[in-house]
Amino acid sequence: MKIKEILGQGKPTLSFEIFPPKTEDKYESVEQAASEIAKLKPAFMSVTYGAGGGTSQYTVDIASGVYHNYNVTALAHLTCVSSTKEKVRQVLKELKEAGIENVLALRGDIPQDGPIATDYRYASELIRDIKKAGDFCIGAACYPEGHVESVSKTIDMDYLKQKVEAGCDFVTTQMFFDNNILYNYLYRIREKGVTVPVVAGIMPVTNVKQIARICQLSGTYLPSRFKAILDRFGDNPAAMKQAGIAYATEQIIDLIANGVDAIHVYSLNKPDIALKIKENLSEIL
């Protein structure tokens, strides 16, 4: 099923993300985690794509397993910063053969020491090629706090509009920890004429190292409420995990109460976190 159809049903949806292993010896454990999350019957599951396409086959295999073995709609990520057009065509062919209808088109992070191809500069260029390649439902990323490389939020929104004009059907946000940031962002992009569905990306933070890396990569704003949780529970792993899941749950409840029905949880291959969040929302969903 195409994700744009799922999002168009007019009811809250909950989806989860899986990232493939970097090495073959970890594949079985990731596949097991994916199967356990798939058993929760989320609206869909996304499968990320490693820098340089190094895990591209794992992405296709895991997405295919989620779809064929558990009848869960799969969303395969596809990045282009280190890919040639030939590589993109090959991956799209594999996805089509596997019955995967949904692709999240991303530029991807610039690798610090890996190869950078010159076929693509922007995600909008990748979106156009996916559109030409077949009947895919195409998603893209958006950044409520502005992309870390953008000169301004306004310019970043212009890039978002280019993605939509290129053919993307929905967008998924980078993680955020203050819902008011998203509400303001939604108002501004709607004013710019971006009307595609927006899926809110939520990250349950369960350890202090995790948040340090998040802030380093994305510059995400941390509200005082969230900082207090880190200060109080950061040295107690079990308490931090419980508090992080509770904070993410509160975010989701507030989003749904305010009409943001599409929720995507960055569950980090952890079925127990996915299960707990779904249990916390059992009556709401």
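Quick note: the coordinates plus some simple rules give every number you see, no bench work behind them. Note that this is a predicted model, so its numbers are computed, not measured. Cβ: placed from backbone, ideal geometry, glycine included. Neighbour counts: every protein chain shown.
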* To do: Could you work out how far apart the two model spin labels at residue 27 and residue 97 are, taking each label as a point 7 Å from the Cα in the direction of the beta carbon, and quote it in nm?
  => 1.5
* Structure fact -> The long-range amide H neighbours of residue 83, using H built 1.01 Å from N in the peptide plane and a cut-off of under 5 Å, are 117
* For the stretch 171-275, what relative contact order do you get, as a whole percent, if you take Cα pairs closer than 8 Å and at least 6 residues apart? -> 37
* Name the residues whose placed amide hydrogens come within less than 5 Å of the amide hydrogen of residue 102, ignoring near sequence neighbours (fewer than 5 apart) on the same chain. => 76, 137
* **Cα-centre dipole for the stretch 3-280 with unit charges at Cβ (Lys and Arg positive, Asp and Glu negative), debye to 20** => 380
* Under the classification rounded if a/c is under 1.5, otherwise prolate if a/b is larger than b/c and oblate if not, where does the stretch 3-280 fall, given a ≥ b ≥ c as square roots of the Cα gyration tensor eigenvalues? -> rounded
* Residue-wise HN-Hα coupling along the stretch 228-237, computed from phi with Karplus coefficients 6.51, -1.76, 1.60 (Hz; x: Gly, Pro) -> 4, 5, 4, 5, 7, 10, x, 8, 10, x
* When the helices in the chain are scored as -39500 (n - 2.57) per DSSP H run of 4 or longer and the sum is shared across all residues, what 222 nm value do you end up with, to the nearest 500 deg cm²/dmol? -> -15000 deg cm²/dmol
